[in-house]
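Everything below concerns the one structure shown next.
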Amino acid sequence: MRVAGDLRKKIVDGLLPPHTRLPSQARIREEYGVSDTVALEARKVLMAEGLVEGRSGSGTYVRERPVPKRIARSGYRPAGGATPFRQEQADAEVRGTWESRSEQTEASHAVAERLALEPGDRVMCTRYVFREGGEAMMLSTSWEPLAVTGRTPVMLPEEGPLGGMGVVERMAAIDVVVDNVTEEVGARPGLAEELHALGGVPGHVVLVVQRTFYASGRPVETADVVIPADRYRVAYHLPVK
């Protein structure tokens, strides 16, 4: 940890700028007076932290450190035709695109608990990829109980007369009044498929926003929003009543 800490400080202070080759294992061993095992573990620590990356046949290099951008969130999403991108990113100055696909599936134990269902109950699962400037910047997977939306015009979140209008407005169309929304934010290592979609590398940390909409205490939609923690910060706008 001492060796990794010193190398980390050199990276942060700019003594080892982006795209610079990290000292070799032999160089670290000689400079710090440590064993090959310690030198190797120090390099692994920096790689796990996302500060360096290995390049096949070339060595280990300091990664470019992106300046984090802001993802703004603000409770209820704006109504009146807001796009799915705007519903997830409340900053009106940001422009982006999205892709989505929906399929009926059975609720897992975790999803069933969040939606107050029985495991195996049918839900509509919709997966989104949100892009800014063509770069994937956010993933979202939502689940809605088909006991609420099944056989209605809003069963498919992105299709039909209210496709893409947002949970609050879609539910209102079937006389379900959404009156509360909760969001819990946590962090974890990204899953392989998430990092592949977001352009990250193994070991990168993602922020996960677990969101649930309620109507009179009943959960009517829940979603996991996944954001790369090295590139984005989540900012909340909370109205004062």
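Filtering Pro228, Pro219, Pro157, Pro202 for residues that are surrounded by fewer than 19 Cβ atoms within 10 Å (Cβ to Cβ) and not basic (Lys, Arg) leaves a single hit, Pro202. Only one of the numbered conditions (1) over 17 Å from Ile227 (Cα atoms); (2) at pLDDT 85 or above is not met by Gly96, and that is (1).
Among Pro219, Pro161, Pro239, which is the only one that is more than 17 Å from Arg127 (Cα to Cα), free of Cβ contacts under 8 Å to residues at least 40 places away in the same chain and not hydrophobic (A, V, I, L, M, F, W, C)?
Of the residues listed, the single one that is more than 17 Å from Arg127 (Cα to Cα), free of Cβ contacts under 8 Å to residues at least 40 places away in the same chain and not hydrophobic (A, V, I, L, M, F, W, C) is Pro161.
Let me confirm something: among Glu144, Glu118, which residue is of a type in the set (D, E, K, R), open to solvent by less than 10 Å² (accessible area, probe 1.4 Å) and at pLDDT 95 or above?
Numbers: Glu118 fails: open to solvent by less than 10 Å² (accessible area, probe 1.4 Å).
Of the residues listed, the single one that is of a type in the set (D, E, K, R), open to solvent by less than 10 Å² (accessible area, probe 1.4 Å) and at pLDDT 95 or above is Glu144.
Residue-level check: of (1) surrounded by fewer than 20 Cβ atoms within 10 Å (Cβ to Cβ); (2) modelled with pLDDT of 95 or more; (3) under 16 Å from Glu88 (Cβ atoms), Arg131 misses just (2). Once segment 35-81 is narrowed to residues that are modelled with pLDDT under 85 and in contact with a Gly (Cβ under 6 Å, 6 or more places away or on another chain), the residue that is nearest to Lys9 (Cα to Cα) is Ala48.
Which of the residues spanning segment 165-196 are assigned to a helix (DSSP H, G or I), of a type outside the set (Asp, Glu) and open to solvent by 40 Å² or more (accessible area, probe 1.4 Å)?
The initial filter retains those residues of segment 165-196 that are assigned to a helix (DSSP H, G or I), namely 167-172, 192-196.
From what's left, of a type outside the set (Asp, Glu): 167-168, 170-172, 192, 195-196.
Across segment 165-196, the qualifying residues are Val168, Ala172, Ala192, His196.
With the requirement that a residue be over 19 Å from Phe130 (Cα atoms) and over 12 Å from the mean Cα position of the chain (by Cα), what does segment 186-206 give you? Selection gives Pro202, Gly203.
Name the helices (runs of 4 or more DSSP H) wholly within segment 1-81 that hold at least 2 residues that are open to solvent by less than 30 Å² (accessible area, probe 1.4 Å) and touching a helix residue (DSSP H, G or I) at 6+ places or on another chain (Cβ under 8 Å)? Don't jump to the end; show me each part of the working.
Values: elements: 2-13, 25-32, 36-48.
Once the helices (runs of 4 or more DSSP H) in segment 1-81 are filtered for at least 2 residues that are open to solvent by less than 30 Å² (accessible area, probe 1.4 Å) and touching a helix residue (DSSP H, G or I) at 6+ places or on another chain (Cβ under 8 Å), what remains is 2-13, 36-48.
Name the residue, out of Gln104, Gln87, that is closer than 30 Å to Gly217 by Cα, of a type in the set (S, T, N, Q) and open to solvent by less than 30 Å² (accessible area, probe 1.4 Å).
Details: Gln104 fails: open to solvent by less than 30 Å² (accessible area, probe 1.4 Å).
None of the other options fit; the residue is Gln87.
Give the residues of segment 206-241 that are aromatic (Phe, Trp, Tyr) and modelled with pLDDT of 95 or more, sorted by residue number.
Initially, segment 206-241 is screened for residues aromatic (Phe, Trp, Tyr), giving 213-214, 232, 236.
Within segment 206-241, Phe213, Tyr214 qualify.
Trp98 satisfies every condition listed in (1) assigned to a strand (DSSP E or B); (2) of a type outside the set (Gly, Ala, Ser); (3) open to solvent by less than 30 Å² (accessible area, probe 1.4 Å) except (3).
The values are calculated or read from the model by the stated rules, or taken from the named source; none is laboratory data. Bear in mind that the values here come from a model prediction, so they are computed numbers and not experimental data. Every residue, glycine as well, gets a Cβ built from its backbone with ideal geometry; the counts of neighbours run over all protein chains shown. We work out accessible area using only protein heavy atoms, side chains counted, and drop any ligands, DNA or RNA first. Shrake-Rupley method; radii C 1.70, N 1.55, O 1.52, S 1.80 Å.
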